[in-house]
Amino acid sequence: AVVSTQSTGDLIGRGFAVWSEFMNLTAVLMTLVELQTDPTVSLDVKKAIAQSGNIPATGNKERLAAAATVRAAYQACILIANQRPQQSINALSKEILTFKCDVEAGLSIQSSSSFPSSYHVILDKGRYPVYLLVQNVIEKTKSRELVPVLVKIVEIMLFCIDVEQFKTRTLSELIPSLTKNPLIDYCQAPQQVAVGSVEGLVHVFDIRSAKCTPLHCHSAPTSAVTFSSNGRALVTFSDGEGKVSIWQSSTGLLSLMSPGPLKLSRT
């Protein structure tokens, strides 16, 4: 059964371009993510698989077999996501949005029967595999191809990363390949991430509250965003519009504990 699972994962990953029109992308990705959540495979082994593709010797046949299944599922995920980067991001984003809405509605994560989607429990347990998948998409896909789904990418990654990590680490440490993009900036003081979009909007994610505030900045695609060094302002730029906008909190100062809403200061 283990060999069959590994072979199936490998076949789906390598042959996805052929079989894709007959498959539900979301269902395939969620199944592969679930296979990577096997609790008998340690996080260190999963990291080793992601970094080198090799399985560290465990001295236990059952654990080696489980790790081999995790590797096959991981590699299939990567192959599929690299073939369909935007579609994969859209599929994951949709399920995570549904997950968040149901949690906010007070449904229990512990009981899969409480959720209208069977993928909720998989997402809750599979944050690390999803993180690895999206990280690979960022690294392997040309930046311009990711621009239409950049906001969704940030939303997915923030869902996957433990909020507590932001207390001691920066966004560039947690997602190094993401912060090279001029459409993304992170401010450590209020713990906020700004992401520009092709619609001219800039989405400001507050990590503490897990809320996102869209700012209507430009009438053309946003080209760059950056926080001031002291975290008191957000500057956005649109090359197509030829305009720079400066946004500040309503109090004129971004509080370290509770940042006020950003308002347009001048252009």
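Maximal additional length on extending the residue 246-residue 21 stretch stands at 76.4 nm, based on 0.36 nm per residue less the C-alpha distance.
Which FRET efficiency value, to the nearest 0.05, is calculated for residue 263 and residue 98 with the Förster distance at 35 angstrom and r the Cβ-Cβ distance?
Details: r = 31 Å, r/R0 = 0.90.
It comes out at approximately 0.65.
Rolling a 1.4 Å probe over the protein heavy atoms of the range 36-102, with every protein chain left in place, gives an accessible area that is 51 percent carbon and sulfur. Taking every protein chain into account, the accessible area of the range 36-189 amounts to 49 square angstrom per residue (probe 1.4 Å).
Report, in debye and to the nearest 20, how large the dipole of the range 152-254 comes out about its Cα centre when Lys and Arg carry +1 and Asp and Glu carry -1 on their Cβ.
On the way: 8 positive and 9 negative charges, 37 e Å.
So the magnitude is around 180 debye.
Taking a ≥ b ≥ c as the square roots of the eigenvalues of the alpha carbon gyration tensor, the range 127-216 is oblate, as a/c is not under 1.5 and a/b does not beat b/c. Report, to the nearest whole %, how much of the accessible area of the range 111-219 belongs to carbon and sulfur atoms, 1.4 Å probe, protein only. Heavy-atom surface of the range 111-219 belonging to carbon and sulfur, 1.4 Å probe: 51 percent.
Within the set 100/140; 94/125; 94/243, which residue pairs have Cα atoms separated by over 26 Å? Each step should come with its number before you reach the end.
Details: 100/140 28 Å; 94/125 17 Å; 94/243 32 Å.
Over 26 Å apart, Cα to Cα: 100/140; 94/243.
With the whole protein complex present, residue 217 retains an accessible surface near 10 Å², based on a 1.4 Å probe.
The values are calculated or read from the model by the stated rules, or taken from the named source; none is laboratory data. Nothing here was measured: the structure is a model prediction, and the numbers come from that model. Methodologically, a virtual Cβ is constructed for each residue, glycine included, from the backbone with ideal geometry; neighbour enumeration extends over all protein chains shown. The protein model used for the area step is the full one, side chains on, heavy atoms only, and it has no ligands, DNA or RNA in it. Shrake-Rupley method; radii C 1.70, N 1.55, O 1.52, S 1.80 Å.
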